[in-house]
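The values are calculated or read from the model by the stated rules, or taken from the named source; none is laboratory data. All figures in this text were calculated on a predicted structure; none of them were measured in a lab. Every residue, glycine as well, gets a Cβ built from its backbone with ideal geometry; the counts of neighbours run over all protein chains shown. SASA here: full protein model, heavy atoms, side chains in, ligands and nucleic acids out. Shrake-Rupley method; radii C 1.70, N 1.55, O 1.52, S 1.80 Å.
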Amino acid sequence: MASAKVLEVDLNSRSICTREISEELQMKHLGGSGLAARLLYDEGAYKADPLGPDNALIFMNGLLTGTPVPCACKTSICAKSPLTGIWGEATMGGFFGAELKKTGYEGIIIHGSAKAPLYLLVEDDRAELKDASDLWGLDVYETCDRLCKRHGDKCQVACIGPAGERKVLISGIMTGGNQTRAAGRTGLGAVMGSKRLKAVVVRGTLQVPIKDREKLSASIREFTPIVRTNAKGLTDFGTAGGLMGVEANGDLSIRNWSLGSWEEGAAKTCGQKIAETVFVSHYGCFACPIRCGKDVRLEVGPHTGTVCHGPEYETCDGFGANLLNEDLNVICAANDLCNRLGLDTISTAGVIGWAMECYENGLITKEDTGGMEIHWGDGEVILKLVELIGHDAGFGAFLSQGVRRASSQLGGLAKEFAVETKGLEYAYHDPRAFTSMAVNYATANRGACHLEALGYFAEQGVFTLSTLGFDKPFERHGVENKAEIAYLMQNFMETFNNLGLCKFLIRAKDAAGPNVIAGWITSVTGWEISGDDLMKAGERNFNLKRMYNYMLGITRKDDVLPPRLGVHDKKTGAAAGSIPHLGRMLVDYYALRGWTAEGVPSQGKLEELGLSE
Ligand code: SF4
């Protein structure tokens with residue numbers, strides 16, 4: 001495999017050039033967010049104002065993105081986060097990454113800020129900045145439709161909506177039009193908006209090089225039936241198909257993480273109910289044998305009667321149980337509004353849940369909300385709040401800054417209702433249900449991210465931990481060996497972000513272990529790489545992101561759980577009585593990582609990983 005080509009775009013001067021990424025650097029960091037972290041760390045991008053022109057924004061394909069490897073569809077988008085002020089990263093699936101790969105480029109680095117709205121058009125071995133003044137103000141679906149009419153149905157578009165344009169701190173970057181796939185987390189839509197870059201359009205026709213196509217095909221033929229069988233629930237009912245099981249495990253956020261069970265509500269807001277009621281068709285990202293996406297028909301809200309991407313598990317919990325809302329139609333409409341406006345559904349639902357609890361306790365009043373009463377489960381109010389947040393208008397402008405800033409402004413009890421770590425609202429898996437997730441949430445590089453470890457999958461045997469060399473006893477609410485589960489899963493999941501793989505591949509259990517994936521890398525690149533080498537690359541990239549954050553002052557003091565998750569007993573449900581003993585687990589975790597007691601990677605660890613230069 002030769003060096004990789006990356007586009008370097010300067011919006012200040014409207015100039016574009018090509019940068020070569022050496023094979024050596026790729027072997028060390030693979031691609032995706034690992035390679036992006038290397039580039040951003042080396043240029044000292046952590047010093048930038050997140051919404052200033054110096055904050056470079058990187059779109060980077062994973063090493064395997066766009067190849068026939070199953071679910072190799074992901075593109076990482078990375079920059080300093082304006083929401084958290086630290087490492088920002090979000091990943092999107094769909095077809096954008098595969099199309100970018102066919103242009104001959106692996107990624108795009110965007111510097112500067114345009115004077116007037118622009119979009120970037122990338123075709124085979126060429127790129128051009130174009131006027132986007134007619135697109136500014138359009139929502140995500142309208143933007144994609146217009147650009148596909150202009151550049152042909154085969155092009156793929158990643159863009160921001162009105163939320164990103166207004167630099168809403170919980171805005172994301174979306175692809176796929178009304179079949180939305182979102183790089184939702186850490187506010188990167190605001191970074192793109194601050195650059196006045198409305199969209200990136202890609203259309204390629206070049207062949208994707210594969211070193212040993214025959215060997216790769218044979219491995220995929222063996223793998224595909226296994227993952228199809230093990231992930232059948234995802235195929236049938238989407239990610240929300242797991243919601244009732246999550247509730248039964250005490251793993252659901254209910255009423256802003258304060259309650260322990262919601263059985264009847266879960267049955268009304270899960271993937272099985274979607275299949276019975278509003279389901280229209282199945283959807284799969286590029287090269288995906290699982291096809292977990294579900295398109296749905298909207299029955300309420302401003303776009304009633306239209307068809308759009310259905311809510312994922314996180315969105316069903318966030319706008320459902322988290323807000324005590326049992327109306328699936330409202331969840332679908334809220335999801336659609338977030339996708340149109342370009343909002344992260346997880347953070348948007350999180351900040352609304354926080355506001356409802358503040359309102360209930362008199363910390364927010366009708367004077368603050370512009371006359372609106374914001375009670376639990378009120379569907380009309382939920383949709384209104386999403387619109388206001390997306391347009392950064394009225395009371396929405398207060399919520400659009402995210403839970404940490406909003407709760408700091410109110411102070412007192414409002415901070416106890418705030419469920420965030422390092423400024424990022426929690427994804428909807430409760431660390432009190434599976435305590436390896438407490439370690440993960442506290443230490444994940446982008447803040448409270450479930451995907452950096454997927455510890456709840458590992459603890460339930462959805463993925464086979466022995467594939468990572470772990471074969472020790474543990475108890476779901478206990479502390480023994482939990483740090484090791486978080487540590488191993490973080491390193492392994494990091495590689496998925498570096499390779500461009502969807503994490504649902506781990507449903508294939510031991511068939512999706514590091515050795516199998518390393519074999520795919522060898523088939524694609526010709527590199528001699530083992531499963532151990534792959535895990536080491538994951539550890540290297542995880543540590544590199546920690547070093548980026550350390551340069552911004554992140555240490556042990558920031559590796560915390562919010563009061564609601566760290567000291568509050570839910571009292572009912574399967575996680576009743578469980579309080580994660582984070583301090584004890586962090587001691588184990590730092591030792592495993594080779595970090596100091598203050599949570600800083602030691603010089604020895606950096607040298608071992610080749611990060612000491
Ligand atoms: S499993 Fe779902 S999210 Fe993952 S690649 Fe397939 S369709 Fe996309």
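Quick notes on this structure:
- Residue pairs, from the table Lys28/Lys557; Lys545/Lys605; Lys74/Lys154, whose Cα atoms sit over 20 Å apart: Lys28/Lys557
- Full extension of the chain between Thr224 and Thr572 gives 121.3 nm of extra length, using 0.36 nm per residue less the Cα-Cα distance.
- Candidate cross-link partners of Lys570 among the lysines, defined by an alpha-carbon separation under 20 Å and a same-chain spacing of 8 or more, comprise Lys415.
- According to the Cα-based calculation, Rg over Rh for region 100-157 is 0.96, with Rh computed by the Kirkwood formula.
- For region 488-565, the equivalent ellipsoid built from the Cα gyration tensor has semi-axes of 29, 16, 9 Å, listed from largest to smallest.
- Lysine pairs in region 199-321 with Cα atoms under 17 Å, if 8 or more residues apart or on separate chains: 4
- Rg/Rh for the chain stands at 0.93; both radii use Cα atoms, and Rh follows the Kirkwood definition.
- Loop trypsin sites (Lys or Arg not before Pro), region 1-91 (other Cβ atoms within 10 Å of the site Cβ: 14 or fewer; DSSP): Arg14
- Cα-Cα pairs of region 4-202 separated by more than 30 Å (percent): 9 percent
- With every protein chain in place, region 431-608: carbon and sulfur % of accessible area (1.4 Å): 54 percent
- The spread of Cα positions in region 431-608, taken along each principal axis and listed from longest to shortest, comes to 53, 36, 25 Å.
- The DSSP beta bridges internal to the chain are antiparallel in roughly 85% of cases.
- Computed with a 1.4 Å probe on the full set of protein chains, the accessible area for Ser15 sits at about 50 Å².
- With all protein chains in place and ligands, DNA and RNA left out, the 1.4 Å accessible area ranks Glu613, Glu420 as Glu613, Glu420, largest first.
- Percentage relative contact order, the chain, counting C-alpha pairs under 8 Å, at least six apart: 15 percent
- Stretched out straight at 0.36 nm per residue, the stretch from Glu263 to Lys149 would grow longer than its current Cα-Cα span by 36.5 nm.
- Convex hull volume of region 393-524 per residue (C-alpha atoms, cubic angstrom): 119 Å³
- Spherically averaged projected area of the convex hull of Cα atoms, region 196-251: 8.5 nm².
- Candidate residues Lys384, Lys557: accessible-area rank, largest first, probe 1.4 Å: Lys557, Lys384
- The accessible surface of region 212-336, taken with every protein chain in place and a 1.4 Å probe, is 53 percent carbon and sulfur.
- Relative intensity, log₁₀ I(q)/I(0), of region 1-120 from a Debye sum that treats every alpha carbon as a point, q = 0.19 Å⁻¹: -1.05
- Rg of the Cα atoms in region 301-369, relative to 2.2 N^0.38 Å, amounts to 1.16.
- Ranking by accessible area, most exposed first, for Phe504, Phe395, Phe474 with a 1.4 Å probe: Phe474, Phe504, Phe395
- Normalised convex hull volume, region 23-87, alpha-carbon set, Å³ per residue: 90 Å³
- Annotation: for a label point projected 7 angstrom from Cα along Cα→Cβ of Asp131, residues of region 86-122 with backbone N closer than 18 Å are 114-121.
- Helix-only CD estimate at 222 nm, as mean residue ellipticity for the chain, using -39500 (n - 2.57) per DSSP H run (n ≥ 4): -11000 deg cm²/dmol
- Per the Debye formula on identical point scatterers at the alpha carbon atoms of region 223-305, with no solvent, log10 I(q)/I(0) at q = 0.11, 0.18, 0.19, 0.20 Å⁻¹ is -0.37, -0.86, -0.92, -0.96.
- Radius ratio Rg over Rh of region 161-300, counting only Cα atoms, Kirkwood formula for Rh: 1.05
- The mean accessible area for residues of the chain, using a 1.4 Å probe and ignoring ligands and nucleic acids, is 32 Å² per residue.
- Percentage of interatomic Cα-Cα distances in region 243-417 larger than 19 Å: 55 percent
- Relative contact order (%) - criterion: Cα under 8 Å, at least six apart; region: region 1-114: 33 percent
- Taking the inverse of the mean 1/r over every pair of distinct Cα atoms in region 551-605 gives a Kirkwood hydrodynamic radius of 12.9 Å.
- Compactness of region 94-220 as Cα Rg over 2.2 N^0.38 Å, two decimals: 1.11
- Stretch gain in nm, segment Glu528-Leu206, where the contour uses 0.36 nm per residue and the Cα spacing is subtracted: 113.3 nm
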